[in-house]
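Before any comments, here is the structure.
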Amino acid sequence: MMGDPVTSGPEVSSPSDRSGSGPGPDDVSMKRVLGIALICFGIVSLLWWRSGLELRGYGQSLAPGGVAATSEETPAPVADPVADRTMADGVALLYEHEDPEAAIEAFDAVLQRNPAHYGALYQRAKALDERRQLNRALDAWRRFEPEALAVSDMESLKYARERIGILDQWVTRLQATMNRALTLLYQESAPEAAIPLFVEVLTNWPTHYGALYQYAYALEEVDDVEGARRAWAMFLVQAHALQAKLDIAAANEALERLGSY
């Protein structure tokens, strides 16, 4: 904010006090402001260097690329300290603690309070991408894309469009692989041929719920007891996370059948 510094009381110095060669009140205040600014810049630079964070989305008024996402037509939103704290927690979880799953929950909480929170939209897409939840990441980047375009954040817009193109190709290819595996497993009764295809899907899309279920089933069909037991145990974890009662029951039955208890 530009303008003369505001003092806390009336000036008491005489004209002779201000006629010397030393700095006047305005010079001292300006030096103090510049000093504080340099200190703040140093702190931010140190954080950036040490953690490698993408310092994006800490404040609602900042676009992912550091561009102010406000204008005369779209004024800055009302401050929300809770959302700001949750946003900062999510960024720390994603980049410092490398826990995208927990970060996604934090960004979801921010978006529940403010569905248009620009930074949360960007960071949520990044976290889903990091977690390799391909379909959800693709949807998240598509949701973010028009927001970046609206504020002319060209750097983030370019990145979002690149990710949309890559993820769209991955999802299309892996879904085709999944369909072929299902055909082999159920229509051609060839579980041994289906298994490598399920592995291919899960290698590139480890959160694919259906692929993990079918993989466990196929392993059991070829009497790979140890492999099937591990796969069903992994599937059980995902089923609990989704609170899918029927799938939880199916996984438990399989594990009992395989003698895991």
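Does the range 228-251 contain any residue that is part of a loop (DSSP other than H, G, I, E, B), of a type outside the set (D, E, K, R) and touching a residue at least 24 places away in the same chain (Cβ under 8 Å)?
Just the residues of the range 228-251 that are part of a loop (DSSP other than H, G, I, E, B), to begin with: 243-244.
Then drop every residue that is not of a type outside the set (D, E, K, R), which leaves 243-244.
This time we only want the ones that are touching a residue at least 24 places away in the same chain (Cβ under 8 Å), so: none.
No, the range 228-251 contains no residue that is part of a loop (DSSP other than H, G, I, E, B), of a type outside the set (D, E, K, R) and touching a residue at least 24 places away in the same chain (Cβ under 8 Å).
Could you count how many residues in the range 179-190 are part of a helix (DSSP H, G or I), open to solvent by less than 30 Å² (accessible area, probe 1.4 Å) and out of contact with any Phe, Trp or Tyr (no Cβ under 8 Å at 6 or more places or on another chain)?
Our first condition is that a residue be part of a helix (DSSP H, G or I); within the range 179-190, this holds for 179-187.
With open to solvent by less than 30 Å² (accessible area, probe 1.4 Å) added as a condition, the list becomes 181, 184-185.
If we keep only those that are out of contact with any Phe, Trp or Tyr (no Cβ under 8 Å at 6 or more places or on another chain) too, we end up with 184.
Matching residues across the range 179-190 total 1.
Working only within the range 134-154, note down all residues that are within 17 Å of the chain's Cα centre (by Cα) and surrounded by fewer than 20 Cβ atoms within 10 Å (Cβ to Cβ).
N135, R136, D139, R142, R143, E145
Could you figure out which of (1) surrounded by fewer than 16 Cβ atoms within 10 Å (Cβ to Cβ); (2) free of Cβ contacts under 8 Å to residues at least 60 places away in the same chain; (3) under 26 Å from the mean Cα position of the chain (by Cα) isn't true of P206? For P206, the exception is condition (2). For the range 242-258, a residue qualifies if it is more than 32 Å from the chain's Cα centre (by Cα) and of a type in the set (D, E, K, R), and the qualifying residues are E253, E256, R257.
Looking at the range 209-227, which of the residues that are farther than 14 Å from D247 by Cβ and small (G, A, S) is surrounded by the most Cβ atoms within 10 Å (Cβ to Cβ)? The residue in question is A218.
What are the residues in the range 87-103 that are over 15 Å from L128 (Cβ atoms), part of a helix (DSSP H, G or I) and either in contact with a Pro (Cβ under 9 Å, 6 or more places away or on another chain) or not aliphatic (A, V, I, L, M) (or both), if any? Once the filter is applied, which keeps residues that are over 15 Å from L128 (Cβ atoms), part of a helix (DSSP H, G or I) and either in contact with a Pro (Cβ under 9 Å, 6 or more places away or on another chain) or not aliphatic (A, V, I, L, M) (or both), the range 87-103 yields D89, E96. If the condition is being over 15 Å from L212 (Cα atoms) and surrounded by 14 or more Cβ atoms within 10 Å (Cβ to Cβ), then the range 231-251 contributes no residue at all. Here Y159 fulfils each of the conditions (1) closer than 30 Å to L219 by Cβ; (2) open to solvent by 20 Å² or more (accessible area, probe 1.4 Å) apart from (1).
Give the number of residues within the range 191-215 that are within 20 Å of L134 (Cβ to Cβ) and in a helix (DSSP H, G or I).
Here is the first cut: in the range 191-215, the ones within 20 Å of L134 (Cβ to Cβ) are 196-215.
Narrowing further to those that are in a helix (DSSP H, G or I): 196-204, 209-215.
Counting residues in the range 191-215 that are within 20 Å of L134 (Cβ to Cβ) and in a helix (DSSP H, G or I) gives 16.
Selection of first residues in the range 104-116 that are closer than 20 Å to D129 by Cβ and of second residues that are modelled with pLDDT under 95 and assigned to a helix (DSSP H, G or I), restricted to Cβ pairs under 7 Å at least 6 apart or on distinct chains, gives the following pairs, ordered by first then second residue: V110/A83.
Within the range 89-100, can you find the residues that are surrounded by fewer than 15 Cβ atoms within 10 Å (Cβ to Cβ) and in contact (Cβ under 8 Å) with a residue 12 or more places away in the chain? Break it down into steps so the answer makes sense when it comes.
Going residue by residue through the range 89-100, those that are surrounded by fewer than 15 Cβ atoms within 10 Å (Cβ to Cβ) are 96-98.
E96, the sole residue that qualifies.
In the range 116-128, the residue that is nearest to D153 (Cα to Cα) out of those that are over 10 Å from the mean Cα position of the chain (by Cα) and buried (at least 19 other Cβ atoms within 10 Å of the Cβ) is Y118. Among the criteria (1) at pLDDT 95 or above; (2) buried (at least 16 other Cβ atoms within 10 Å of the Cβ); (3) not polar (S, T, N, Q), the one R131 does not fulfil is (1).
The values are calculated or read from the model by the stated rules, or taken from the named source; none is laboratory data. Keep in mind it's a predicted model, so treat the numbers as computed, not measured. All Cβ positions, even for glycine, are placed from backbone atoms using ideal geometry, and neighbour counts span all protein chains on display. The area values use the complete protein model at the heavy-atom level, side chains included, leaving out ligands, DNA and RNA. Shrake-Rupley method; radii C 1.70, N 1.55, O 1.52, S 1.80 Å.
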